[in-house]
Amino acid sequence: MEWLKRNKNLIFFHIALNSAVVFFITGASYYHTPLEGGKDTLVYLGHLFLLQTTIAGFIYILSLYKWIFRIVFSGLFLFFCSFSFFGYTQDISVTPGLIQAVFETTPDIAIDLITVPYAAFLIAAVLVLVFFIKWHSRLKTSRSIFLFGVLAAGCIALFFITEMKRLNTLKSRLPYNVFSGVEDYYSAPKFQLNKALPVVTKQTDSLTIIFVLGETVRADHLGLNSYSRNTTPLLSKQDIVSFPNIYTSNTYTGASIPQLLTDKKLEVDKESYTSIYDVANAAGYETTWIGNQTLEKSFAPIVNTNEHVILVDKYKSEYSFNKELDEAMLPAFDNLLGTNNNQLITLHMMGSHWYYENRYSENFRKYTPVITSKYIPSLTTEEIVNSYDNTILYLDYFLNEVIERAKKNPVPTVVFYVSDHGESLGEKGQYLHAGDAKEQTNPALLFWMSDSFKKKHSGKAVSISETRNVNLTTDIVFDYLRFILTSQE
């Protein structure tokens, strides 16, 4: 008891300071999380408590010396507040793309971001900070320094232990995601591209390839592939060639996208790889990437081999709960389609990525009940499958819109869709992806070919159709794209 009395002010100070950090910084990472019921809320409050416990260790170290606290802690506190404001108000995620925008934005654009609410938030943060600096100056920080130091070290160690157990549990939250975003921004990608352009036969015929890169769509949940639900009512009316037997061992985006967009094979490693866009550029195509996902370090260099890169809603990642729907890419697509006789246009979807309810609009909520919480253990299998199937209905709508536009294109046109991987929906107790369950390794793959393409490139059309029921791997994606882009008939 005597120890508590002696250190009462120091303990109260750190409890109050960490509470302020939760309010101004770390709480922004949880503010938009959809939850339903007391259990869900308690779980995420526990997650927030774990996060703040690890931060508390760093805060204590910074508080040991008055000038370090006044300068270093104050600077960091206001720096993180400048990010958390946009997390609270716009659900913006801290990604390498956002870090790039921060570092490279011109002063005139930066000034436009300083709104009255933003200024009020920072002023409130400064006032709170002044209060804690004055409080801190009256404390005897040298008391029980050994015991508090051991506790602080334990809190910091908890961060590394948690990350070893489950990667990105804490690193994806404020303030840690700022550091990881900066690290990713400056670090070189492990995936190396061939610098020399490939030697290809230049394409002389007019041709448009629309390559739609999907997300988390498993083949067996498409009505086209004999799923019990008609999740593809619009595509079923189109002349679609579906490949139900595609396999991939890459069940997360960071590994699957680089393999899909290059000549990298699933079971073969080499020093460097060729981008499909370098092949297309060498063959005389105008290449454009339109994406609704932020660019990850693993595939950003490949994407940047396109002549044009357009990112929709670029500062909100899959962690955002207010992300634009994929149809937000259609205006940019409309402006590009048909502007060149030889085009390769890629549309990178958010698709069926968790959290499913954020991936489609209300008029596609056909199957109910749906999920109401991000906390999976509180959900039923029926709710999860229903929400997931509603995302497939939205995919059906989106791809149909792309195909209807492709029909109006005056040159021979192909729409080639592939998902990066599948998804587990509760089979054998497994959910989501990044595992080895068969549901995750069987992505959807579809072709649509215009009548003019089938007439002018009949050999290619027949070759594609003849392999529809063959057991293939996603190695075929690069091969098919190169085949369509470069081979002559």
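Observations
- In segment 36-79, the residues that are in a helix (DSSP H, G or I), open to solvent by less than 50 Å² (accessible area, probe 1.4 Å) and of a type in the set (Ser, Thr, Tyr): TYR44, THR53, THR54, TYR60, SER74
- Residue check, GLN293 of a type in the set (S, T, N, Q), over 21 Å from LEU481 (Cα atoms) and in contact (Cβ under 8 Å) with a residue 12 or more places away in the chain: yes
- For SER236: the one exception among (1) of a type in the set (S, T, N, Q); (2) farther than 23 Å from THR346 by Cβ; (3) part of a loop (DSSP other than H, G, I, E, B): (3)
- Scanning segment 277-290 for residues that are β-branched (Val, Ile, Thr) and closer than 23 Å to ASP326 by Cα yields THR287, THR288, ILE290.
- When residues of segment 195-212 are limited to those that are open to solvent by less than 100 Å² (accessible area, probe 1.4 Å) and part of a loop (DSSP other than H, G, I, E, B), the one modelled with the lowest pLDDT: GLN203
- Verdict on LEU446 being open to solvent by less than 20 Å² (accessible area, probe 1.4 Å), closer than 28 Å to LEU325 by Cα and not β-branched (Val, Ile, Thr): yes
- Among the residues of segment 451-469, those identified as out of contact with any Phe, Trp or Tyr (no Cβ under 6 Å at 6 or more places or on another chain), assigned to a loop (DSSP other than H, G, I, E, B) and surrounded by fewer than 21 Cβ atoms within 10 Å (Cβ to Cβ) are THR467, ASN469.
- Filter pass, THR413 being open to solvent by less than 10 Å² (accessible area, probe 1.4 Å) and either at pLDDT below 95 or in contact with a strand residue (DSSP E or B) (Cβ under 8 Å, 6 or more places away or on another chain) (or both): yes
- Just one residue in the set ASP263, ASP278 is open to solvent by 10 Å² or more (accessible area, probe 1.4 Å) and out of contact with any helix residue (DSSP H, G or I) (no Cβ under 7 Å at 6 or more places or on another chain); that residue is ASP278.
- Criterion violated by THR294 - all others in (1) assigned to a loop (DSSP other than H, G, I, E, B); (2) out of contact with any Lys or Arg (no Cβ under 8 Å at 6 or more places or on another chain); (3) open to solvent by less than 20 Å² (accessible area, probe 1.4 Å) satisfied: (2)
- One residue stands out in segment 159-172 among those that are touching a helix residue (DSSP H, G or I) at 6+ places or on another chain (Cβ under 8 Å) and open to solvent by less than 30 Å² (accessible area, probe 1.4 Å): the one that is farthest from SER82 (Cα to Cα), namely THR162.
- A single member of LEU432, LEU393 is among the aliphatic types (A, V, I, L, M), open to solvent by 10 Å² or more (accessible area, probe 1.4 Å) and at pLDDT below 95, and it is LEU432.
- Test: residue in segment 24-35 that is farther than 24 Å from PRO377 by Cα and open to solvent by 20 Å² or more (accessible area, probe 1.4 Å): no
- The conditions of being open to solvent by 80 Å² or more (accessible area, probe 1.4 Å) and in contact with a helix residue (DSSP H, G or I) (Cβ under 8 Å, 6 or more places away or on another chain) are not met by LYS134.
- Candidate set: segment 258-282, residues that are closer than 20 Å to TYR247 by Cβ and part of a loop (DSSP other than H, G, I, E, B); chosen: the one modelled with the highest pLDDT: LEU261
- Yes/no for THR441 being buried (at least 16 other Cβ atoms within 10 Å of the Cβ), β-branched (Val, Ile, Thr) and touching a Phe, Trp or Tyr at 6+ places or on another chain (Cβ under 7 Å): yes
- Residue within segment 329-339 that is open to solvent by 40 Å² or more (accessible area, probe 1.4 Å) and in contact with a Pro (Cβ under 7 Å, 6 or more places away or on another chain) present: yes
- The test for being within 19 Å of THR248 (Cα to Cα) and either crowded, with 16+ Cβ neighbours inside 10 Å or out of contact with any strand residue (DSSP E or B) (no Cβ under 6 Å at 6 or more places or on another chain) (or both) holds for ASP479.
- Number of positions in segment 330-376 that are over 30 Å from ASP205 (Cα atoms), touching a residue at least 60 places away in the same chain (Cβ under 8 Å) and outside any loop (DSSP other than H, G, I, E, B): 1
- In segment 243-257, the residues that are at pLDDT 95 or above and open to solvent by 10 Å² or more (accessible area, probe 1.4 Å): PRO244, ASN245, TYR247
- Test: residue in segment 389-408 that is part of a loop (DSSP other than H, G, I, E, B) and among the charged types (D, E, K, R): yes
The values are calculated or read from the model by the stated rules, or taken from the named source; none is laboratory data. Please read all numbers here as calculations on a predicted model, not as lab measurements. Cβ atoms come from the backbone with ideal geometry, glycine included; neighbour counts cover every protein chain shown. All accessible areas refer to the heavy atoms of the entire protein, side chains included, with ligands and DNA or RNA removed. Shrake-Rupley method; radii C 1.70, N 1.55, O 1.52, S 1.80 Å.
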